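Before any comments, here is the structure.
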Amino acid sequence: MATSIVLFGPPGAGKGTQAGKIVATTGKPQISTGDMLRAALTAGTPLGLAAKQFMDAGALVPDDVIIGLIEERLTLPDAVNGVLFDGFPRTIAQAEALSSIAEVEVVIAIEVPDERIVERICGRFTCGQCGAVFHDSFNPTSVDGVCDSCGSSEMKRRADDNEETVRTRLEAYHTQTAPLSDWYGERGLFVAVDGDQGIDHVGDAILIALDSL
Ligand code: ADP
Ligand code: ADP
Ligand code: ZN
């Protein structure tokens, strides 16, 4: 059956970092609403421009925009066997919309305390070619400024990865997104993983959780 997986957690929890392993294990493609919004912004589409003010402010983009984006993405052929949602759903309204368009098999929550989030996000950079995620201290490149995955030296930092915006994003997470843990818990779909350990250990814990389904 075509079931999907949700990767859940606060900004900077490590969702993007862990997504690759899950994609490699399950064969389900990663759908990151944050990446889709940034691509729309770079392409200068009306949707991207409309989303920009919310993203810059650290606020959630309105539900109807996000749900429209997901509905369209799920019509592509690679979604036919289910997908890995990264950073979606982020509100109860999004989860309700999702329940009528796809079947969620499990929600894997990467739990990280707030006090770790700022240091994670403020040190984050990514490869502009392949999207690999790095950190100044916790996951540096082997050679300064060169991507370990693809060799590119086109490294990027996000405009919203600054301390002030991170605090607003964390607040949005606690008020609008965190209630989803109970929502999915009531449906028997919520599995929490300790995200406050090394990257490889978090990855192992996620694979164990997926194995036990
Ligand atoms: P998310 O997609 O949940 O916003 P990322 O995967 O982009 O989070 O990770 C945020 C930052 O934290 C990145 O710089 C990443 O290298 C780093 N990071 C991810 N997982 C860990 C971990 N387990 N320990 C320390 N740093 C981590
Ligand atoms: P992070 O995991 O670091 O919070 P994302 O790349 O997932 O970053 O999201 C970046 C921004 O894009 C969010 O702060 C928000 O403005 C917007 N966004 C992404 N996904 C959603 C969503 N499902 N609902 C509403 N806004 C979203
Ligand atoms: Zn790369």
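Any read-out appearing in this document is the output of simple, stated calculations on the displayed coordinates, not a laboratory observation. Remember, predicted model here, so these are calculated numbers, not experimental data. Using ideal geometry, Cβ is built from the backbone for each residue, glycine included, and neighbour counts are taken over all protein chains shown.
Here region 4-51 is the region considered, the condition is being touching a residue at least 24 places away in the same chain (Cβ under 8 Å) and among the polar types (S, T, N, Q), and the residue that is farthest from ligand 3 (Cβ to nearest atom) is SER4. Here GLY151 fulfils each of the conditions (1) surrounded by fewer than 13 Cβ atoms within 10 Å (Cβ to Cβ); (2) on the phi < 0 side of the Ramachandran plot apart from (2).
Among the residues in region 192-199, are any buried (at least 17 other Cβ atoms within 10 Å of the Cβ), of a type in the set (Val, Ile, Thr) and either in a strand (DSSP E or B) or touching a residue at least 12 places away in the same chain (Cβ under 8 Å) (or both)?
At the first step, the residues of region 192-199 found to be buried (at least 17 other Cβ atoms within 10 Å of the Cβ) are 193, 195.
If we keep only those that are of a type in the set (Val, Ile, Thr) as well, we get 193.
Add one more test, that the residue is either in a strand (DSSP E or B) or touching a residue at least 12 places away in the same chain (Cβ under 8 Å) (or both), and what stays is 193.
Scanning region 192-199 turns up at least one residue that is buried (at least 17 other Cβ atoms within 10 Å of the Cβ), of a type in the set (Val, Ile, Thr) and either in a strand (DSSP E or B) or touching a residue at least 12 places away in the same chain (Cβ under 8 Å) (or both).
Pairing residues of region 137-160 that are farther than 21 Å from GLY198 by Cα and without any contact (Cβ under 8 Å) to a residue 12 or more places away in the chain with residues that are of a type in the set (S, T, N, Q) and within 12 Å of ligand 3 (Cβ to nearest atom), at Cβ distances under 8 Å and at least 6 apart in sequence or on separate chains, gives GLY145/SER153; VAL146/SER152; VAL146/SER153.
Just checking, how many residues over region 7-44 are in a loop (DSSP other than H, G, I, E, B) and either closer than 17 Å to PHE88 by Cα or in contact with a helix residue (DSSP H, G or I) (Cβ under 9 Å, 6 or more places away or on another chain) (or both)? The total comes to 8.
Only one of ASP64, ASP144, ASP78 is more than 27 Å from SER4 (Cα to Cα) and surrounded by fewer than 15 Cβ atoms within 10 Å (Cβ to Cβ). Can you tell me which? If you could, list the steps in order and put the result at the bottom.
Details: ASP64 fails: more than 27 Å from SER4 (Cα to Cα); ASP78 fails: more than 27 Å from SER4 (Cα to Cα).
The match here is ASP144.
Residue-by-condition table, conditions (1) within 12 Å of ligand 2 (Cβ to nearest atom); (2) under 22 Å from ASP182 (Cα atoms); (3) touching a Phe, Trp or Tyr at 6+ places or on another chain (Cβ under 9 Å); (4) hydroxyl-bearing (Ser, Thr, Tyr):
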{"position": "THR3", "(1), (2), (3), (4)": "no, yes, no, yes"}
{"position": "GLY16", "(1), (2), (3), (4)": "yes, no, no, no"}
{"position": "THR75", "(1), (2), (3), (4)": "no, no, no, yes"}
{"position": "PHE88", "(1), (2), (3), (4)": "yes, yes, no, no"}
{"position": "ILE101", "(1), (2), (3), (4)": "no, yes, no, no"}
{"position": "VAL104", "(1), (2), (3), (4)": "no, yes, yes, no"}
{"position": "ILE110", "(1), (2), (3), (4)": "yes, yes, yes, no"}
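Taking the criterion of being of a type in the set (Val, Ile, Thr), touching a Leu at 6+ places or on another chain (Cβ under 8 Å) and part of a loop (DSSP other than H, G, I, E, B), would at least one residue in region 54-63 satisfy it? Yes: region 54-63 contains one or more residues that are of a type in the set (Val, Ile, Thr), touching a Leu at 6+ places or on another chain (Cβ under 8 Å) and part of a loop (DSSP other than H, G, I, E, B).
Quick check on my filter: what residues within region 126-150 are within 8 Å of ligand 3 (Cβ to nearest atom) and part of a loop (DSSP other than H, G, I, E, B)? If the condition is that a residue be within 8 Å of ligand 3 (Cβ to nearest atom) and part of a loop (DSSP other than H, G, I, E, B), then GLY128, GLN129, CYS130, GLY131, ALA132, CYS147, ASP148, SER149, CYS150 are the ones that fit.
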